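A.B. asks: Mind having a look at this structure? Questions to follow.
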Protein chains: 2
Amino acid sequence: MSFKLSPEYALLGILMRGPKHGYEVHSYFSSEMSQFWHLSMSQVYALLKRMEKNGMVVSRKELQEKRPAKKIFSITQAGKDRFLDWAYSPVKHVRDLRIEFMAKLFFIKELKLKGVSGIIDKQIGVLQEKLDVTRNSKERTADEFQAALHSFKIAQTTSALDWLNQCKIYFYEN
Amino acid sequence: MSFKLSPEYALLGILMRGPKHGYEVHSYFSSEMSQFWHLSMSQVYALLKRMEKNGMVVSRKELQEKRPAKKIFSITQAGKDRFLDWAYSPVKHVRDLRIEFMAKLFFIKELKLKGVSGIIDKQIGVLQEKLDVTRNSKERTADEFQAALHSFKIAQTTSALDWLNQCKIYFYEN
DNA sequence: TGAGTGTTATTACAATATGGAATATTCTCG
DNA sequence: CGAGAATATTCCATATTGTAATAACACTCA
(Lines give C-alpha, C1' and ligand atoms only; values in the text may rest on other atoms or scores of the structure.)
Protein backbone atom coordinates (compact mmCIF):
# COMPACT_ATOMS: atom_id res chain seq x y z
CA MET A 1 0.00 0.00 0.00
CA SER A 2 2.59 2.52 1.07
CA PHE A 3 5.50 3.56 -1.05
CA LYS A 4 8.58 4.99 0.54
CA LEU A 5 10.47 5.48 -2.68
CA SER A 6 10.05 8.69 -4.56
CA PRO A 7 10.00 7.71 -8.25
CA GLU A 8 6.32 6.98 -7.86
CA TYR A 9 5.72 10.56 -6.82
CA ALA A 10 7.56 11.83 -9.86
CA LEU A 11 5.30 9.76 -12.09
CA LEU A 12 2.26 11.07 -10.25
CA GLY A 13 3.59 14.57 -10.83
CA ILE A 14 3.82 13.92 -14.55
CA LEU A 15 0.27 12.56 -14.61
CA MET A 16 -0.94 15.66 -12.77
CA ARG A 17 -0.66 17.43 -16.12
CA GLY A 18 -3.08 14.98 -17.71
CA PRO A 19 -3.42 11.34 -18.80
CA LYS A 20 -0.47 9.72 -20.51
CA HIS A 21 0.62 6.21 -21.47
CA GLY A 22 3.82 4.62 -20.24
CA TYR A 23 5.96 5.54 -23.17
CA GLU A 24 4.88 9.17 -22.99
CA VAL A 25 5.57 9.31 -19.26
CA HIS A 26 9.05 8.02 -19.87
CA SER A 27 9.66 10.45 -22.72
CA TYR A 28 8.61 13.36 -20.58
CA PHE A 29 10.79 12.14 -17.77
CA SER A 30 13.79 11.73 -20.07
CA SER A 31 13.46 15.07 -21.75
CA GLU A 32 12.39 17.36 -18.92
CA MET A 33 13.82 15.79 -15.79
CA SER A 34 16.93 14.01 -17.01
CA GLN A 35 19.17 16.71 -15.57
CA PHE A 36 18.58 15.34 -12.12
CA TRP A 37 16.78 12.01 -12.44
CA HIS A 38 16.89 8.88 -14.57
CA LEU A 39 14.34 6.09 -14.84
CA SER A 40 14.47 3.24 -17.32
CA MET A 41 11.53 2.21 -19.49
CA SER A 42 10.92 -1.01 -17.63
CA GLN A 43 10.98 0.84 -14.35
CA VAL A 44 8.32 3.26 -15.53
CA TYR A 45 6.06 0.44 -16.66
CA ALA A 46 6.62 -1.53 -13.47
CA LEU A 47 5.91 1.49 -11.31
CA LEU A 48 2.73 2.41 -13.20
CA LYS A 49 1.50 -1.16 -12.81
CA ARG A 50 2.04 -1.07 -9.08
CA MET A 51 0.55 2.39 -8.77
CA GLU A 52 -2.59 1.13 -10.48
CA LYS A 53 -2.78 -1.74 -8.00
CA ASN A 54 -2.47 0.84 -5.21
CA GLY A 55 -5.28 2.97 -6.64
CA MET A 56 -3.06 5.97 -7.36
CA VAL A 57 -3.79 5.77 -11.08
CA VAL A 58 -6.35 4.10 -13.34
CA SER A 59 -5.84 2.96 -16.91
CA ARG A 60 -8.00 2.57 -19.95
CA LYS A 61 -7.03 0.81 -23.14
CA GLU A 62 -6.98 2.73 -26.37
CA LEU A 63 -7.10 0.32 -29.26
CA GLN A 64 -5.08 1.13 -32.35
CA GLU A 65 -4.98 -0.56 -35.71
CA LYS A 66 -1.78 -2.41 -36.43
CA ARG A 67 -0.21 -1.26 -33.17
CA PRO A 68 -0.40 -2.63 -29.67
CA ALA A 69 -3.14 -0.98 -27.62
CA LYS A 70 -2.01 2.01 -25.66
CA LYS A 71 -2.66 1.88 -21.96
CA ILE A 72 -3.54 5.39 -20.89
CA PHE A 73 -3.02 6.20 -17.24
CA SER A 74 -4.89 8.91 -15.33
CA ILE A 75 -4.20 10.01 -11.81
CA THR A 76 -6.97 9.38 -9.27
CA GLN A 77 -8.06 11.74 -6.51
CA ALA A 78 -6.16 9.55 -4.04
CA GLY A 79 -3.12 9.93 -6.27
CA LYS A 80 -3.48 13.70 -6.41
CA ASP A 81 -3.79 13.93 -2.63
CA ARG A 82 -0.76 11.75 -2.22
CA PHE A 83 1.26 13.74 -4.68
CA LEU A 84 0.47 17.07 -3.06
CA ASP A 85 1.29 15.72 0.39
CA TRP A 86 4.65 14.68 -0.95
CA ALA A 87 5.31 17.86 -2.89
CA TYR A 88 4.84 20.07 0.15
CA SER A 89 6.82 18.01 2.62
CA PRO A 90 10.54 18.44 3.19
CA VAL A 91 13.05 15.64 2.70
CA LYS A 92 14.76 14.08 5.70
CA HIS A 93 18.38 14.09 4.60
CA VAL A 94 20.80 16.38 2.80
CA ARG A 95 21.44 13.55 0.38
CA ASP A 96 17.81 13.65 -0.73
CA LEU A 97 18.03 17.26 -1.86
CA ARG A 98 19.81 16.54 -5.13
CA ILE A 99 17.06 14.40 -6.60
CA GLU A 100 13.94 14.31 -4.49
CA PHE A 101 13.81 17.90 -3.29
CA MET A 102 14.73 19.07 -6.80
CA ALA A 103 11.78 17.10 -8.11
CA LYS A 104 9.48 18.84 -5.66
CA LEU A 105 10.72 22.24 -6.77
CA PHE A 106 10.45 21.14 -10.38
CA PHE A 107 6.80 20.17 -10.06
CA ILE A 108 5.86 23.14 -7.94
CA LYS A 109 7.20 25.33 -10.72
CA GLU A 110 5.86 23.17 -13.56
CA LEU A 111 2.36 22.81 -12.16
CA LYS A 112 2.35 26.40 -10.95
CA LEU A 113 1.58 25.31 -7.40
CA LYS A 114 1.49 27.94 -4.68
CA GLY A 115 3.79 28.02 -1.71
CA VAL A 116 7.32 27.51 -2.96
CA SER A 117 8.78 29.57 -0.15
CA GLY A 118 6.71 27.52 2.32
CA ILE A 119 8.36 24.25 1.40
CA ILE A 120 11.78 25.89 1.25
CA ASP A 121 11.29 27.22 4.77
CA LYS A 122 10.17 23.82 6.03
CA GLN A 123 13.25 22.27 4.44
CA ILE A 124 15.47 24.87 6.06
CA GLY A 125 13.89 24.00 9.41
CA VAL A 126 14.59 20.28 9.01
CA LEU A 127 18.20 20.80 8.01
CA GLN A 128 18.83 23.42 10.66
CA GLU A 129 17.73 20.94 13.29
CA LYS A 130 20.00 18.25 11.87
CA LEU A 131 22.85 20.71 11.85
CA ASP A 132 22.38 21.46 15.54
CA VAL A 133 22.30 17.77 16.39
CA THR A 134 25.46 17.09 14.40
CA ARG A 135 27.27 20.04 15.97
CA ASN A 136 26.41 18.67 19.39
CA SER A 137 27.62 15.19 18.46
CA LYS A 138 30.85 16.64 17.18
CA GLU A 139 31.52 18.39 20.45
CA ARG A 140 30.99 15.19 22.38
CA THR A 141 33.46 13.24 20.21
CA ALA A 142 37.08 12.64 21.03
CA ASP A 143 37.88 10.37 18.09
CA GLU A 144 39.40 12.23 15.18
CA PHE A 145 37.78 10.06 12.56
CA GLN A 146 34.33 10.64 14.01
CA ALA A 147 35.12 14.32 14.15
CA ALA A 148 36.06 14.36 10.48
CA LEU A 149 32.81 12.57 9.65
CA HIS A 150 30.83 15.14 11.58
CA SER A 151 32.74 17.98 9.95
CA PHE A 152 31.75 16.61 6.59
CA LYS A 153 28.09 16.49 7.51
CA ILE A 154 28.24 19.97 8.96
CA ALA A 155 29.93 21.33 5.84
CA GLN A 156 27.41 19.72 3.50
CA THR A 157 24.43 20.76 5.57
CA THR A 158 25.65 24.32 5.93
CA SER A 159 26.17 24.71 2.21
CA ALA A 160 22.75 23.17 1.56
CA LEU A 161 21.20 25.72 3.89
CA ASP A 162 22.97 28.56 2.12
CA TRP A 163 21.66 27.24 -1.16
CA LEU A 164 18.11 26.95 0.15
CA ASN A 165 18.24 30.57 1.23
CA GLN A 166 19.38 31.49 -2.27
CA CYS A 167 16.50 29.40 -3.65
CA LYS A 168 13.99 31.60 -1.94
CA ILE A 169 15.27 34.41 -4.12
CA TYR A 170 15.42 32.31 -7.33
CA PHE A 171 11.89 30.98 -6.91
CA TYR A 172 10.52 34.16 -5.46
CA GLU A 173 6.75 33.79 -5.05
CA ASN A 174 5.01 35.06 -8.15
CA MET B 1 33.93 -10.97 -12.31
CA SER B 2 33.90 -7.25 -11.75
CA PHE B 3 32.10 -5.53 -8.97
CA LYS B 4 31.12 -1.91 -9.22
CA LEU B 5 29.53 -1.73 -5.81
CA SER B 6 31.67 -0.81 -2.86
CA PRO B 7 30.40 -2.98 0.01
CA GLU B 8 32.61 -5.74 -1.28
CA TYR B 9 35.62 -3.52 -0.80
CA ALA B 10 34.62 -2.79 2.75
CA LEU B 11 34.47 -6.51 3.48
CA LEU B 12 37.85 -6.98 1.86
CA GLY B 13 39.14 -4.20 4.08
CA ILE B 14 37.91 -5.99 7.15
CA LEU B 15 39.51 -9.24 6.02
CA MET B 16 42.80 -7.40 5.46
CA ARG B 17 43.21 -7.55 9.23
CA GLY B 18 43.02 -11.33 9.22
CA PRO B 19 40.62 -14.25 8.57
CA LYS B 20 37.10 -13.96 9.92
CA HIS B 21 33.79 -15.75 9.49
CA GLY B 22 30.63 -14.04 8.32
CA TYR B 23 29.21 -13.28 11.69
CA GLU B 24 32.46 -11.72 12.86
CA VAL B 25 32.73 -9.62 9.72
CA HIS B 26 29.25 -8.30 10.32
CA SER B 27 29.95 -7.61 13.99
CA TYR B 28 33.04 -5.65 13.13
CA PHE B 29 31.13 -3.75 10.50
CA SER B 30 28.31 -2.95 12.91
CA SER B 31 30.50 -1.83 15.73
CA GLU B 32 33.29 0.04 13.97
CA MET B 33 31.75 1.35 10.79
CA SER B 34 28.11 1.84 11.67
CA GLN B 35 28.56 5.59 11.92
CA PHE B 36 28.68 5.82 8.17
CA TRP B 37 27.67 2.44 6.73
CA HIS B 38 25.11 -0.30 7.33
CA LEU B 39 25.03 -3.82 5.95
CA SER B 40 22.59 -6.51 6.99
CA MET B 41 23.64 -10.01 7.99
CA SER B 42 22.24 -11.63 4.90
CA GLN B 43 23.99 -9.09 2.74
CA VAL B 44 27.33 -9.87 4.34
CA TYR B 45 26.87 -13.60 3.78
CA ALA B 46 25.69 -13.09 0.21
CA LEU B 47 28.62 -10.82 -0.58
CA LEU B 48 31.19 -13.18 0.92
CA LYS B 49 29.72 -16.00 -1.12
CA ARG B 50 30.06 -14.02 -4.31
CA MET B 51 33.51 -12.79 -3.40
CA GLU B 52 34.61 -16.38 -2.97
CA LYS B 53 33.25 -17.22 -6.41
CA ASN B 54 35.26 -14.27 -7.76
CA GLY B 55 38.45 -15.46 -6.10
CA MET B 56 38.75 -12.44 -3.80
CA VAL B 57 38.49 -14.63 -0.70
CA VAL B 58 38.82 -18.30 0.16
CA SER B 59 37.07 -20.16 2.93
CA ARG B 60 37.83 -23.13 5.08
CA LYS B 61 35.39 -24.92 7.32
CA GLU B 62 36.11 -25.08 11.01
CA LEU B 63 34.14 -27.88 12.50
CA GLN B 64 32.70 -27.37 15.95
CA GLU B 65 30.95 -29.81 18.17
CA LYS B 66 27.29 -29.08 18.66
CA ARG B 67 27.43 -25.92 16.52
CA PRO B 68 27.20 -25.38 12.82
CA ALA B 69 30.63 -25.32 11.23
CA LYS B 70 32.14 -21.88 10.97
CA LYS B 71 33.17 -20.81 7.53
CA ILE B 72 36.33 -18.82 7.90
CA PHE B 73 37.15 -16.43 5.09
CA SER B 74 40.63 -15.24 4.21
CA ILE B 75 41.51 -12.63 1.66
CA THR B 76 43.53 -13.81 -1.34
CA GLN B 77 46.37 -11.95 -3.01
CA ALA B 78 43.96 -10.96 -5.79
CA GLY B 79 41.64 -9.62 -3.11
CA LYS B 80 44.43 -7.64 -1.47
CA ASP B 81 45.45 -6.12 -4.79
CA ARG B 82 41.88 -5.23 -5.54
CA PHE B 83 41.35 -3.70 -2.15
CA LEU B 84 44.45 -1.53 -2.35
CA ASP B 85 43.54 -0.34 -5.85
CA TRP B 86 40.18 0.71 -4.49
CA ALA B 87 41.51 2.29 -1.31
CA TYR B 88 43.87 4.58 -3.18
CA SER B 89 41.49 5.71 -5.89
CA PRO B 90 39.21 8.72 -5.58
CA VAL B 91 35.43 8.48 -5.89
CA LYS B 92 33.69 9.97 -8.90
CA HIS B 93 30.91 11.96 -7.27
CA VAL B 94 30.41 14.22 -4.29
CA ARG B 95 27.60 11.91 -3.22
CA ASP B 96 30.08 9.05 -2.81
CA LEU B 97 32.16 10.92 -0.25
CA ARG B 98 29.82 10.32 2.66
CA ILE B 99 30.09 6.55 2.59
CA GLU B 100 32.65 5.28 0.13
CA PHE B 101 35.37 7.87 0.55
CA MET B 102 34.88 7.74 4.32
CA ALA B 103 35.44 4.00 4.16
CA LYS B 104 38.70 4.53 2.29
CA LEU B 105 39.90 6.98 4.92
CA PHE B 106 38.72 4.61 7.63
CA PHE B 107 40.74 1.69 6.30
CA ILE B 108 43.78 3.77 5.48
CA LYS B 109 43.82 4.83 9.11
CA GLU B 110 42.83 1.42 10.51
CA LEU B 111 45.34 -0.56 8.50
CA LYS B 112 47.96 2.12 8.90
CA LEU B 113 48.43 2.42 5.16
CA LYS B 114 50.73 5.09 3.81
CA GLY B 115 49.66 7.95 1.61
CA VAL B 116 46.54 9.47 3.12
CA SER B 117 47.37 12.88 1.73
CA GLY B 118 47.92 11.26 -1.68
CA ILE B 119 44.36 10.03 -1.92
CA ILE B 120 42.98 13.26 -0.52
CA ASP B 121 44.87 15.22 -3.17
CA LYS B 122 43.59 12.93 -5.90
CA GLN B 123 40.07 13.40 -4.61
CA ILE B 124 40.51 17.15 -4.56
CA GLY B 125 41.65 16.98 -8.19
CA VAL B 126 38.57 15.02 -9.27
CA LEU B 127 36.14 17.35 -7.53
CA GLN B 128 37.94 20.47 -8.67
CA GLU B 129 37.51 19.31 -12.26
CA LYS B 130 33.81 18.62 -11.73
CA LEU B 131 33.42 22.02 -10.17
CA ASP B 132 34.93 23.72 -13.21
CA VAL B 133 32.64 21.78 -15.54
CA THR B 134 29.56 22.66 -13.51
CA ARG B 135 30.54 26.32 -13.34
CA ASN B 136 30.82 26.36 -17.12
CA SER B 137 27.45 24.67 -17.55
CA LYS B 138 25.89 27.18 -15.23
CA GLU B 139 27.18 30.08 -17.28
CA ARG B 140 25.71 28.60 -20.45
CA THR B 141 22.26 28.16 -18.89
CA ALA B 142 19.40 30.60 -19.22
CA ASP B 143 16.77 28.49 -17.43
CA GLU B 144 16.43 29.43 -13.78
CA PHE B 145 15.66 25.90 -12.63
CA GLN B 146 18.79 24.56 -14.31
CA ALA B 147 20.73 27.40 -12.75
CA ALA B 148 19.43 26.50 -9.28
CA LEU B 149 20.41 22.88 -9.88
CA HIS B 150 23.90 23.91 -10.87
CA SER B 151 24.15 26.24 -7.88
CA PHE B 152 23.36 23.33 -5.63
CA LYS B 153 26.06 21.17 -7.15
CA ILE B 154 28.55 24.02 -6.96
CA ALA B 155 27.71 24.67 -3.31
CA GLN B 156 28.01 20.99 -2.35
CA THR B 157 31.23 20.50 -4.27
CA THR B 158 32.81 23.63 -2.89
CA SER B 159 32.04 22.65 0.68
CA ALA B 160 33.34 19.15 0.02
CA LEU B 161 36.59 20.62 -1.27
CA ASP B 162 36.93 22.79 1.82
CA TRP B 163 36.39 19.73 3.96
CA LEU B 164 38.98 17.72 2.03
CA ASN B 165 41.52 20.46 2.62
CA GLN B 166 40.70 20.31 6.32
CA CYS B 167 41.12 16.53 6.17
CA LYS B 168 44.72 16.90 5.11
CA ILE B 169 45.29 18.53 8.46
CA TYR B 170 43.21 16.01 10.44
CA PHE B 171 44.92 13.02 8.89
CA TYR B 172 48.31 14.62 8.69
CA GLU B 173 50.84 12.03 7.52
CA ASN B 174 52.40 10.35 10.53
C1' DT C 1 16.09 1.26 -53.26
C1' DG C 2 17.12 -1.01 -49.54
C1' DA C 3 19.73 -1.48 -45.31
C1' DG C 4 20.22 0.33 -41.26
C1' DT C 5 18.73 3.35 -37.65
C1' DG C 6 15.33 5.76 -34.74
C1' DT C 7 10.70 6.21 -32.79
C1' DT C 8 6.53 4.40 -30.94
C1' DA C 9 4.74 1.01 -27.45
C1' DT C 10 4.59 -2.80 -24.35
C1' DT C 11 5.70 -7.25 -22.29
C1' DA C 12 8.65 -11.03 -20.66
C1' DC C 13 12.40 -12.93 -18.48
C1' DA C 14 16.63 -13.58 -16.08
C1' DA C 15 19.81 -11.88 -12.70
C1' DT C 16 20.51 -9.59 -8.50
C1' DA C 17 19.39 -7.38 -4.26
C1' DT C 18 17.17 -6.98 0.09
C1' DG C 19 14.68 -8.05 4.15
C1' DG C 20 12.90 -11.25 7.05
C1' DA C 21 12.27 -15.45 9.00
C1' DA C 22 13.86 -20.14 10.37
C1' DT C 23 17.06 -22.86 12.97
C1' DA C 24 19.69 -24.21 16.84
C1' DT C 25 22.84 -23.69 20.62
C1' DT C 26 25.02 -21.19 24.30
C1' DC C 27 25.87 -17.36 27.19
C1' DT C 28 24.46 -13.86 30.55
C1' DC C 29 22.02 -11.29 33.87
C1' DG C 30 18.75 -10.62 37.31
C1' DC D 1 16.25 -20.96 36.53
C1' DG D 2 14.20 -18.64 32.75
C1' DA D 3 14.09 -14.77 29.37
C1' DG D 4 16.40 -12.88 26.16
C1' DA D 5 20.65 -11.65 23.87
C1' DA D 6 24.50 -13.47 21.35
C1' DT D 7 26.50 -16.83 18.17
C1' DA D 8 26.27 -18.58 13.35
C1' DT D 9 24.35 -19.57 9.03
C1' DT D 10 20.85 -20.60 5.51
C1' DC D 11 16.69 -20.07 2.94
C1' DC D 12 12.99 -17.92 0.73
C1' DA D 13 9.84 -14.50 -0.99
C1' DT D 14 9.70 -10.30 -3.00
C1' DA D 15 11.75 -6.08 -5.24
C1' DT D 16 14.41 -4.16 -8.36
C1' DT D 17 17.12 -3.87 -12.52
C1' DG D 18 18.65 -4.62 -16.91
C1' DT D 19 18.13 -6.81 -21.19
C1' DA D 20 15.86 -8.61 -24.77
C1' DA D 21 11.79 -9.77 -27.69
C1' DT D 22 8.18 -8.11 -30.45
C1' DA D 23 6.19 -5.27 -34.06
C1' DA D 24 5.14 -1.53 -37.14
C1' DC D 25 6.47 2.37 -39.44
C1' DA D 26 9.26 6.59 -40.55
C1' DC D 27 13.52 8.49 -41.83
C1' DT D 28 17.99 8.81 -44.07
C1' DC D 29 22.04 8.35 -46.63
C1' DA D 30 24.84 5.97 -49.77
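A.B. asks: Can you give the longest stretch of chain A with no exposed loop site, where a site means trypsin sites (Lys or Arg not before Pro) in a DSSP loop (not H, G, I, E or B) with at most 13 other C-beta atoms within 10 Å?
C.D. replies: After excluding every exposed loop site, the longest remaining stretch is A:18-65.
A.B. asks: I've got another one for you. What's the total accessible area buried between chains B and A, using a 1.4 Å probe, rounded to the nearest 100 Å²?
C.D. replies: Summing both chains' loss of accessible area gives about 2800 Å².
A.B. asks: Right, next: Keeping all protein chains in the complex and leaving out DNA, RNA and ligands, what accessible area do you get for B:GLU100 with a 1.4 Å probe, in Å² to the nearest 10?
C.D. replies: Estimated to the nearest 10 Å², B:GLU100 gives 40 Å².
A.B. asks: Quick check: net charge around B:LEU15, other residues with Cβ under 15 Å of its Cβ, Lys/Arg +1 and Asp/Glu -1?
C.D. replies: Computed value for this residue: +3.
A.B. asks: Taking the Cα centre as origin and putting +1 on Lys and Arg beta-carbons and -1 on Asp and Glu beta-carbons, what dipole magnitude results for the range A:92-174, to the nearest 20 debye?
C.D. replies: Computed about the Cα centre, the dipole is about 260 debye.
A.B. asks: So what's the back-of-envelope 222 nm ellipticity for the protein assembly as shown, counting only DSSP H runs of four-plus at -39500 (n - 2.57) apiece and dividing by all residues, rounded to 500?
C.D. replies: -19500 deg cm²/dmol
A.B. asks: Something else now. Tell me, what % of the accessible area of chain A is carbon and sulfur with a 1.4 angstrom probe?
C.D. replies: Carbon and sulfur atoms account for 52 percent of the accessible area of chain A.
A.B. asks: Another question, if that's okay. Assuming R0 = 35 Å, what is the FRET efficiency of A:ASP81 and B:ASP85, from their Cβ-Cβ distance, to the nearest 0.05?
C.D. replies: Computed FRET efficiency for A:ASP81 and B:ASP85: 0.10.
A.B. asks: Taking all pairs of different Cα atoms in the protein assembly as shown, averaging 1/r and flipping that mean, what Kirkwood radius in angstroms comes out?
C.D. replies: That comes to 23.1 Å for the protein assembly as shown.
A.B. asks: Also, quick follow-up: In the full protein assembly as shown, how much of B:VAL91 is accessible to a 1.4 Å probe, in Å² to the nearest 10?
C.D. replies: Looks like 10 Å² after rounding.
A.B. asks: Another question, if that's okay. Hey, can you find the accessible area per residue of the range B:1-87 for me, probe 1.4 Å, expressed in square angstrom?
C.D. replies: 57 Å²
A.B. asks: I'd like the residues of the range B:140-174 whose 1.4 Å-probe accessible area shrinks by no less than 50 Å² going from the isolated chain to the full set of protein chains.
C.D. replies: By number: B:GLU144, B:PHE145, B:ALA148, B:LEU149, B:PHE152, B:GLN156, B:SER159, B:TRP163, B:TYR170.
The values are calculated or read from the model by the stated rules, or taken from the named source; none is laboratory data. If you're wondering where the values come from, they're calculated on a predicted model, not measured in any experiment. Ideal geometry is used to build each Cβ from the backbone, glycine not excepted, and the neighbour counts take in all protein chains shown. Side chains included, ligands, DNA and RNA excluded: accessible areas come from the protein's heavy atoms. Shrake-Rupley method; radii C 1.70, N 1.55, O 1.52, S 1.80 Å.
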